Amino acid sequence: MAIPDYQTLMLPVLRIAAAQEQRVAGVAEKVADEFGLTAAEREEMLPSGRQRLLHNRIHWAKFYMSKAGLIASPRRGWFVATDGGRQLLETKPTKIGVDDLKRYPSFRDFYSGQK
């Protein structure tokens with residue numbers, strides 16, 4: 001299986017972050033297990049060779065969700081689901097993507113500035 005894109009990773013990342021504070025490395029292991037990634041896929045690097053591809057995509061997923069107020073960073077290198085993130089999970093979404101995040105004013109403000 002190919003490494004999922006950052007939008008596909010949003011729901012599992014938020015679900016894991018709802019349990020307790022997390023670090024990207026710990027989330028990467030859980031996500032890799034959930035998606036059945038091979039050892040080679042888990043270690044695949046970006047073309048720059050500076051970061052694992054899976055870790056990069058998890059960072060993007062949490063960054064976008066933080067702009068919507070679903071994820072907070074209580075201290076450097078750690079993140080956790082906010083009350084808003086937990087409320088979203090209570091609706092039992094089947095996926096979370098950019099279009100879903102556009103429902104949040106803070107994300108719309110951020111995203112409109114990117115164009």
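The values are calculated or read from the model by the stated rules, or taken from the named source; none is laboratory data. These numbers were taken from a predicted model, which means no experiment stands behind them. Virtual Cβ from ideal backbone geometry, glycine too; neighbours counted across all protein chains shown. Areas reflect the complete protein model, heavy atoms only, side chains present, ligands, DNA and RNA absent. Shrake-Rupley method; radii C 1.70, N 1.55, O 1.52, S 1.80 Å.
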Filter the range 1-40 down to the residues that are more than 24 Å from Glu90 (Cα to Cα) and either open to solvent by less than 30 Å² (accessible area, probe 1.4 Å) or touching a Lys or Arg at 6+ places or on another chain (Cβ under 6 Å) (or both) and list them by number.
Ile3, Leu37
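Residue-by-condition table, conditions (1) open to solvent by 40 Å² or more (accessible area, probe 1.4 Å); (2) part of a loop (DSSP other than H, G, I, E, B):
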site	(1), (2)
Leu54	no, no
Phe63	yes, no
Ser66	yes, no
Lys92	yes, yes
Arg103	yes, yes
Can you name the residue in the range 67-77 that is in contact (Cβ under 8 Å) with a residue 12 or more places away in the chain and in contact with a strand residue (DSSP E or B) (Cβ under 7 Å, 6 or more places away or on another chain) and is also farthest from Ala18 (Cα to Cα) among such residues?
Pro74
Can you pull out every residue in the range 69-90 that is over 16 Å from Pro12 (Cβ atoms) and in a loop (DSSP other than H, G, I, E, B)?
Gly69, Ser73, Pro74, Arg75, Arg76, Gly77, Trp78, Thr82
